[in-house]
Amino acid sequence: MNLKKLKSYGLICLALSVFAINQSCSNSNDSASRIQIKMVDAPGDYEQVNVEIIDVQYNLTDNEAGWQSFTPSEGYPINVDLTQLVAGNSLILADQIVPAGMMHQIRLVLGENNTLKLEGDDNLISLDTPSAMQSGLKLNLNTTLEGGFTYTFILDWVVSESIVAAGSTGMYNLKPVIKVNAEVSSGSISGLVVDETETAIGEITVKLYDSNNELVTDTMTDMEGNFLFQGIAGGSYIIKIVADGYDEFNAETEVTVGEITDAGILSLTPAP
């Protein structure tokens, strides 16, 4: 074989190799999806709510044998103070490539090291965690994952409904209430809460109601007065703020899927 034929043969082999690699990558993209699991908080009146997550799992099948674990970069356990997940702060529980197909459920497995700190109290109170939660809290997704796409699911942990006092014993139980929304089919609402002097009001509860005046979720402003509702279905809503020393505040707003609605500056008026 002369040199010209050898070069031609080499170029053909190289082209075939590149084509094979591209086909392989294309097939890989068509058969896999990227999943992100993001946690945010709808707060309660607590100084801290510390939760230990020892496993996050997903299921692409119809049976119990199909559970597989996500592998977070920092590993397990994942320890988080839920009260810090406000005003746009969130925790990425998982960010991973998984096979395309029907994502039926995810499951959070909680550890035993869950604690609570009440407002004005420096003591940590152990949260009694039911054995069922330690076996795994199942959350339904029922979403078809298409290859080559990224899906972000928002877990809105409703703290105000998740902490239950055990009578007059001074003990508390952890019974998680978590709402799940897909970011692709939801929007967000941001805003700033100030007083009559235009001074930001931090750590104040902001509630969101639907058009039927049913509570959808609530959140809390950060120290700069900012708030952010995430994972909200498209539609009409009412923002309400009820706080000591101020008149009740109400404002209508609209949520568009895939967008962040700016509710603007919400100015509270001092109560007479």
- Task: Return the total of residues in segment 61-86 being free of Cβ contacts under 8 Å to residues at least 60 places away in the same chain and either part of a helix (DSSP H, G or I) or in contact with a helix residue (DSSP H, G or I) (Cβ under 6 Å, 6 or more places away or on another chain) (or both).
- Result: 4
- Task: Output yes when any residue across segment 33-56 is without any contact (Cβ under 8 Å) to a residue 60 or more places away in the chain and among the charged types (D, E, K, R), and no when none is.
- Result: no
- From the list L266, L208, L192, pick out the single residue that is of a type outside the set (S, T, N, Q), under 24 Å from I37 (Cα atoms) and either assigned by TED's automatic domain parsing to the domain that holds E146 or outside any loop (DSSP other than H, G, I, E, B) (or both). L208
- Query: Does A243 satisfy being surrounded by 13 or more Cβ atoms within 10 Å (Cβ to Cβ), part of a strand (DSSP E or B), aliphatic (A, V, I, L, M) and on the phi < 0 side of the Ramachandran plot?
  - Reply: no
- Number of the exception - G167 against (1) in the same structural domain as N113 (by TED's automatic domain parsing); (2) touching a residue at least 12 places away in the same chain (Cβ under 8 Å); (3) over 21 Å from I37 (Cβ atoms): (2)
- Identify, please: which residue in segment 184-205 is among the aliphatic types (A, V, I, L, M) and touching a residue at least 60 places away in the same chain (Cβ under 8 Å) and is, among those, farthest from I238 (Cα to Cα)? V184
- Query: Counting only residues that are surrounded by 18 or more Cβ atoms within 10 Å (Cβ to Cβ) and under 20 Å from F149 (Cα atoms), which one in segment 73-95 is farthest from the chain's Cα centre (by Cα)?
  - Reply: A94
- Can you tell me which residue within segment 124-137, out of those that are of a type outside the set (V, I, T) and modelled with pLDDT of 90 or more, is farthest from V109 (Cα to Cα)? L124
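Yes/no matrix, rows are residues, columns are (1) under 26 Å from S131 (Cβ atoms); (2) modelled with pLDDT under 65; (3) touching a His at 6+ places or on another chain (Cβ under 8 Å):
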| position | (1), (2), (3) |
| --- | --- |
| N27 | no, yes, no |
| S31 | no, no, no |
| A42 | yes, no, no |
| N63 | yes, no, no |
| I78 | yes, no, no |
- Query: Is it the case that N123 is assigned to a strand (DSSP E or B) and in the same structural domain as E161 (by TED's automatic domain parsing)?
  - Reply: no
- Note on the structure: Selection from segment 246-263 of residues free of Cβ contacts under 8 Å to residues at least 60 places away in the same chain and in a loop (DSSP other than H, G, I, E, B) yields D247, E248
- Item | segment 218-237 - residue that is crowded, with 21+ Cβ neighbours inside 10 Å and of a type in the set (S, T, Y) and, of those, farthest from S90 (Cα to Cα) | Y237
- Task: Please state which one of N213, N226, N250 is modelled with pLDDT of 95 or more and among the polar types (S, T, N, Q).
- Result: N250
- Query: Going through segment 96-126 one residue at a time, which ones are free of Cβ contacts under 8 Å to residues at least 60 places away in the same chain and either exposed (fewer than 15 other Cβ atoms within 10 Å of the Cβ) or more than 21 Å from E52 (Cα to Cα) (or both)?
  - Reply: G101, M102, H104, D122, N123, S126
- Message: Please count how many residues of segment 118-164 are among the hydrophobic types (A, V, I, L, M, F, W, C) and more than 30 Å from S33 (Cβ to Cβ).
- Response: 7
- Task: Output the residues belonging to segment 239-254 that are within 13 Å of G191 (Cα to Cα) and among the aliphatic types (A, V, I, L, M).
- Result: I239, I241, A251
- Any hit, segment 94-111, residues being on the phi > 0 side of the Ramachandran plot and in a strand (DSSP E or B): yes
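The values are calculated or read from the model by the stated rules, or taken from the named source; none is laboratory data. These numbers were taken from a predicted model, which means no experiment stands behind them. A quick note on method: Cβ atoms are made from the backbone with ideal geometry, for glycine too, and the neighbour counts reach across all protein chains shown.
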